[in-house]
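Okay, so here's the structure we're looking at.
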Amino acid sequence: MLKHSVIWATIDKLATGQKLSRSGLARFSGLDPTTFNLSKRFESSGKPHWPAMYTLSKVLDATGTTMTEFGRIYDELAQQEKLID
């Protein structure tokens, strides 16, 4: 099962790989600059807010990242998270 924290960490890693901030990645992808703010990752009720497929598609396209590469980064980060837990 996909983990909310790892999906967001993968997006953060894509930003870092492009030498961009979270807001820089959002702008670079044609999205609102606040899209990836930490405050937007959870709803006011505390329920996790997952990125939309449209958002992921825009990021992958802008960064030239394939779904396979996104999955590889996700798996790498998920493994690191397991080691930390």
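Taken together, the values in this text are just the output of simple stated rules run on the coordinates, not laboratory data. Small disclaimer: the values here were computed from a predicted structure and weren't measured. So basically every Cβ, Gly included, is an ideal-geometry build from the backbone, and we count neighbours across all protein chains shown.
The table below lists the values:
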| read-out | value |
| --- | --- |
| Scan of the stretch 18-41 for residues that are of a type in the set (Phe, Trp, Tyr) and more than 20 Å from His4 (Cβ to Cβ), ordered by number | Phe28 |
| Pick from the stretch 1-33, criterion under 15 Å from Thr55 (Cα atoms) and of a type in the set (S, T, N, Q), ranking: nearest to the chain's Cα centre (by Cα) | Thr10 |
| Residues of the stretch 14-41 that turn out to be hydrophobic (A, V, I, L, M, F, W, C), buried (at least 19 other Cβ atoms within 10 Å of the Cβ) and farther than 10 Å from Ala62 by Cβ, as a count | 2 |
| All positions within the stretch 13-55 that are within 22 Å of Gln80 (Cα to Cα), among the hydrophobic types (A, V, I, L, M, F, W, C) and out of contact with any Gly (no Cβ under 8 Å at 6 or more places or on another chain) | Leu14, Phe36, Leu38, Trp50 |
| Index of the failed condition, Trp8 passing every other in (1) assigned to a helix (DSSP H, G or I); (2) of a type in the set (Phe, Trp, Tyr); (3) touching a His at 6+ places or on another chain (Cβ under 8 Å) | (3) |
| Residues that are free of Cβ contacts under 8 Å to residues at least 24 places away in the same chain and within 12 Å of the chain's Cα centre (by Cα), drawn from the stretch 61-85 | Gly71 |
| Filtered residue count, the stretch 14-42, keeping only those that are of a type in the set (Lys, Arg), touching a Phe, Trp or Tyr at 6+ places or on another chain (Cβ under 9 Å) and either in contact (Cβ under 8 Å) with a residue 24 or more places away in the chain or farther than 18 Å from Ile73 by Cα (or both) | 1 |
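Each row is one residue, and each column tells you yes or no for (1) in a helix (DSSP H, G or I); (2) touching a Ser or Thr at 6+ places or on another chain (Cβ under 7 Å); (3) among the aliphatic types (A, V, I, L, M).
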{"site": "Gly46", "(1), (2), (3)": "no, no, no"}
{"site": "Trp50", "(1), (2), (3)": "no, no, no"}
{"site": "Tyr54", "(1), (2), (3)": "yes, no, no"}
{"site": "Lys58", "(1), (2), (3)": "yes, yes, no"}
{"site": "Arg72", "(1), (2), (3)": "yes, no, no"}
{"site": "Glu76", "(1), (2), (3)": "yes, no, no"}
{"site": "Gln80", "(1), (2), (3)": "yes, no, no"}
